[in-house]
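The structure appears right after this line, and notes come after that.
A short reminder: the numbers here are calculations on the coordinates, not readings from a lab. Treat the numbers as computed from the prediction; the structure is a model and nothing was measured. Don't worry about glycine lacking a Cβ; one is built from the backbone with ideal geometry, like all the others, and counts go over all protein chains shown.
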Amino acid sequence: MREVAAFLLGCVLVQGCTDQDALMVEQQQKLDQQGQRLSSILGNATPTVSTTDGSLTIQMSFGSEADLDLYVTDPHMETVYFAKSSTRSGGRISKDIQCASGSDSAQSGRGDQHEPRIEEVRFDAPIPGRYRIGIDYPLKCAGGEQRAAFAVSVMHNGEQIRKSGSVTFENFDVVVMEFEI
Amino acid sequence: MRAEYQNPRFPMSIFLFVSLCLPVLASADQFFGQVMSDSKTPIVGAMVTFRFGDPFQEKTVFTSEEGRYQIAGLPGSTDYTVRVRRIGWHDLVTDEVAVAQENGALDFTLLRHTDPAMVAAQLPANHWYGLVLDRVSSEYEREQLVRQCTYCHQQGNEATRVQRPVEEWHKVLSLMARMGGGLDAEFSAKIPELFNSAYDPKTAVPKLTKGFDQPGFAPPPSEIVRRAVIDEYQLGGRASMQHDMIVGHDGIVYSVDMATDHLFRLDPSKPDGARESFAIPSGDLPLGGFGPGGALPSNTSMRVGPHSLQVGADGDIWITLAVGNKLARFDTVEESFTIEDLPGGIYPHTLRIDSKNRVWYTIAVSNHVGMFDPATGQHEVIRVPARSFGEEVMLRMLPVFLWAGQYIDLGGGGGEGASLPVPYGIDIAPDGGIWFSQLNAHRIGHIDPDSFEITMIDTPFTAPRRMRFDSQGKLWIPGFSSNLISKFDIETRQFEHFELPIEPLGTETPYSLSIDPVTDDVWICGTNSDSLIRFQQASAEFTVYPLPTMVTYTRDIDFSADGGVWTSNSNAPAWQIETGIPRLIRLDVNGTIDLPLVDSVGSNL
């Protein structure tokens, strides 16, 4: 909504809308394609994650041009994310994937620039109820733009749900997806 | 598995720490006994806490000089979980004792901590935060840090005193800044090193536990404090932010949950401390409502953001809906809401009702004070002076910026960014004058209630937050980032300061204060130290009441006719609170408030 408003304002004040329009469509197509590619990476990741042991695994993949952060909120409304690596309900985040040039990347190995760049939250024995996935885009990496593509997947009881999309720099999309188990 | 996009549910149900606390089956409605060390010396000032009910309630008493305690008014015929707590000793919970006496006799033996790290972990957050503040030599930076980092959650609690890789800090700070906790760039760059060195256990633990084996370490509360009884009522869930609370005319307590758009109600006269909640209509507003951009907390459901509340003369509850940009009126009999749209301004904040039943409220982001007269439908939106011409222009342009959706540092979710002046606390003088504070501008202001003319006065201390008049017409103001309360004489325009005595000195962040209508005592939120602080005017004496739950972040205080001092635990995120869920809290100073009479099947006699 706000982006649309900003865009309209830009149209009126700055220039004719046609060029802007075409540019936006082109950018969106690029993001869509990227999102689909990231989603297929997660599709391929399924065999490496056990989905039949009752566990719940949520993954997010993203490109090396952005540092995105995965947030998963459990049915008690407690969140696991990079700054809070577990919940009382047993959720755990694997590692925080950052930009390749991160100053402490050498020691922590976090600045993994090679794709697939995947952040993962896992609940070994998930409590039933509604879960929420949020994605934040706090930092641009080399080549980063205003929007960045992502894909998320939810794996539970042999099923996988996937979704792809994009997030805006310095915007925290707190509800990218909700699901119930 | 279903993927859906409806509103989530907000369970009132609790999540017990089953691994720690197994219930003891006991039938008594009162207990007594002694708390001793394993070497048979009495432990003075231990907190003995009984938990029961669902959602749970906890009642806490302190042990005497001989280590004795006595607790009454429990519901009987129920399971209790008992916890005994004293800094320096292992917490004892009931699965470690095997006693369930019919007559209620119940003794405990505590084990001394031998690991200094565990003792340090028992200290309230302000002790840890003091280590950070010690390392900040610039007064400008210290003030900024205190004002900007402790207004949603404590600093120095277990969740925040974590050493983190530098990159991770940068991301945490980016998120906090977008929520409203912005620091200037130069200072922000120093934070990772500052926090990581201050919170390094190798240096922090020895400092915090120095003298652990000497009597002066973490002294027990005084005999006066030990008379108190503290009741805590679990309220809401892990996404809750019980922002403000109020005691209604009938002794029923109301609290607004800003993050889930609910009004909660607690009837303390019911044996089970009956709790209910009411969803505040949010229309088709998106998450975050009309709030000023930035980032929302990950678990939020806020669309209108009920922030503060007051009781009108007719008993109705008036609520500011901060991000919905509205007022709500709750009819306590019909149990229904009426929503009042506001003609202007952004982020209605704290409110008071004057003797003509007009609702006065600060408007934090757009720098206004609003007035609504329900009798006539009259609205006024009064522009408060900015600090400079540039700021004035910026504030006038705000609606345009917001409409265009551009990100500017408006102060995010809390509407309290460093860059805006932020009209904050408000109260009404006995002569009807309207007084308010401008938090970040370090000023208070007066509004003539008839002509709406404004006068501003600089405060000789930083961050004047929520203020109140006493019965003598003196205005009391807490300095959130200046560790003091100040008494302001509206006639002579003189300020008189009283430094807060919380140890280590200088580490407290008093969010608000309130005046006991009977005694004129000033009660202050010990927001970063898990405490309530009483200031008695005649003797100029402070008394610090420690509260039992770790990470008790308080923002508001009110009083019940029976002498109860009420507050709520409002730490956001709630998951940092010891049990993960907020509470309403009643401090019964002398332990004498009549309890509901309860028979053995738990009904009211």
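Before moving on, here are some points about what is shown:
- Shown in residue order for segment B:293-300 are the 3J(HN,Hα) couplings computed by the Karplus curve 6.51 cos²θ - 1.76 cosθ + 1.60 at θ = phi - 60°: x, x, 10, 9, x, 4, 9, 6 Hz (x for Gly and Pro).
- Average beta-carbon neighbours from other chains, 10 Å sphere, peptide B:232-239: 3
- Normalised by the number of residues in segment B:121-208, the average gap of Cα pairs under 8 Å and 6 or more apart makes the relative contact order 40 percent.
- Residues in segment A:147-164 that a label on A:Q36 would reach, taking backbone N under 15 Å of a point 7 Å out along Cα→Cβ: A:150-151, A:163-164
- Computing Rg and the Kirkwood Rh from the Cα coordinates of the protein assembly as shown gives a ratio, Rg/Rh, of 0.96.
- Expressed as a fraction of 2.2 N^0.38 Å, the value expected for a compact globular protein of N residues, the C-alpha radius of gyration of segment B:121-208 is 1.01.
- Amide H within-cut-off set for B:G33, under 5 Å, with H built and near neighbours excluded: B:Y69, B:L106
- For the peptides A:141-147, B:467-473, residues were scored by their other Cβ atoms within 10 Å and the scores averaged per peptide; the highest-first order is B:467-473, A:141-147.
- Here the Karplus relation 6.51 cos²θ - 1.76 cosθ + 1.60, evaluated at θ = phi - 60°, turns the backbone of segment B:322-327 into coupling constants of 4, 8, x, 6, 9, 10 Hz, with x for every Gly and Pro.
- The angle between the Cα long axis of helix B:139-149 and the longest principal axis of the Cα atoms of chain B comes to about 80 degrees, rounded to the nearest 10.
- Projected onto its three principal axes, the C-alpha set of segment B:150-192 covers 26, 23, 15 Å, listed from the longest axis down.
- Per DSSP, loop trypsin sites (Lys or Arg not before Pro) in segment B:294-383 with at most 16 further Cβ within 10 Å: B:K356
- Distant alpha-carbon pairs in segment B:30-162 (separation over 18 angstrom), percent: 63 percent
- Put simply, the convex hull of the Cα atoms in segment B:251-311 casts, on average, a shadow of 5.1 nm².
- With helices as the sole contributors, chain B gives -4000 deg cm²/dmol at 222 nm; each DSSP H run of n ≥ 4 counts as -39500 (n - 2.57), and the sum is divided by every residue.
- Sequence-distant residues sharing a close amide H with B:T552 (under 5 Å, placed H): B:D530
- Estimated FRET transfer efficiency when R0 is 35 angstrom, pair B:E334-B:R227 (beta carbons, to 0.05): 0.30
- Counting every pair of alpha carbons in chain B, the share spaced more than 48 Å apart comes to 10 percent.
- For residues of B:300-309, the mean tally of beta carbons on other chains within 10 Å: 1
- Normalising the average separation of contacting C-alpha pairs (under 8 angstrom, six or more residues apart) by the number of residues puts the relative contact order of chain B at 13 percent.
- For segment A:42-180, relative contact order (Cα pairs under 8 Å, six or more residues apart, normalised by length) works out to 33 percent.
- A DSSP coil position with no more than 14 other Cβ atoms inside 10 Å describes the following GluC sites (Glu not before Pro) in segment B:50-93: B:E65, B:E66.
- Shielding by partners - mean other protein chain Cβ count within 10 Å, residues of A:137-149: 1
- Karplus-derived HN-Hα couplings along segment B:266-276 (A = 6.51, B = -1.76, C = 1.60, θ = phi - 60°), whole Hz, x at Gly and Pro: 10, 9, x, 7, 7, x, 9, x, 3, 10, 9
- 0 to 90° range, to nearest 10: angle between helix B:185-198 axis and chain B longest Cα axis: 10 degrees
- Amide hydrogen neighbours beyond the local backbone of B:W476, cut-off 5 Å, H modeled: B:R468, B:F469, B:D470, B:F488
- Gyration tensor (alpha-carbon) shape descriptor, segment B:480-605, a/c threshold 1.5: oblate
- Grouping the Cα pair distances of segment A:42-180 into 5 Å bins from zero gives a pair-distance distribution of 2, 11, 21, 24, 21, 13, 7, 2, 0 percent in increasing distance order.
- In chain B, the longest principal axis of the Cα atoms and the axis of helix B:389-404 are about 80 degrees apart.
- Here chain B carries DSSP beta bridges of which approximately 95% are antiparallel, counting only pairs with both residues inside.
- For segment B:236-340, GluC sites (Glu not before Pro) are listed when DSSP marks them as loop and at most 14 other Cβ atoms sit within 10 Å of their Cβ; the list is B:E334, B:E335.
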